[in-house]
Amino acid sequence: MPYSVKTIYTVSKGPRNLGNRLGRLAVHIDFSVLRIAHATGATRQTVYNWFLGGEVLNPYQPIVEKLIRILQDATTAESAWKKVCLEFNLHP
């Protein structure tokens, strides 16, 4: 499901930190919050907080950085999800 106009606007105006970088990339290719939550083990609310500039705590930082690299290289949400599943040993 595509991100709402409000979410897209809010993410675009957030501070440029690790979580917001993840949010900008996720919005750009329409990679869902639910998939990010599944890959990181965080809640959907935590992922939204990251998108809006909330701090990504130390235990999540390596995972978020890896997700950012995957999303940067991806052309579609589906291709990103396939790579995430391979990298994180997840079942699609």
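The values are calculated or read from the model by the stated rules, or taken from the named source; none is laboratory data. Everything quoted here is computed from the prediction, not taken from an experiment. Positions of Cβ are generated from backbone atoms using ideal geometry, with glycine treated the same way; all protein chains shown enter the neighbour counts. Side chains are part of the model used for accessible areas, which takes the heavy atoms of the whole protein and leaves out ligands, DNA and RNA. Shrake-Rupley method; radii C 1.70, N 1.55, O 1.52, S 1.80 Å.
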Checklist outcome for this item: If you go through 67, 52, 71, 90, the only one that is in contact (Cβ under 8 Å) with a residue 24 or more places away in the chain and in contact with a His (Cβ under 7 Å, 6 or more places away or on another chain) is 90
Checklist entry - residue 78: of a type outside the set (A, V, I, L, M, F, W, C), open to solvent by 80 Å² or more (accessible area, probe 1.4 Å) and over 21 Å from residue 3 (Cα atoms), yes or no? => result no
Checklist entry - How many residues are in a helix (DSSP H, G or I), open to solvent by 70 Å² or more (accessible area, probe 1.4 Å) and under 24 Å from residue 89 (Cα atoms) if we restrict to the range 16-59? => result 8
Item to check | Index of the failed condition, residue 12 passing every other in (1) within 9 Å of the chain's Cα centre (by Cα); (2) in a helix (DSSP H, G or I) | outcome: (1)
Checklist entry - Any residue in the range 7-15 that is crowded, with 16+ Cβ neighbours inside 10 Å, more than 20 Å from residue 87 (Cβ to Cβ) and polar (S, T, N, Q)? => result yes
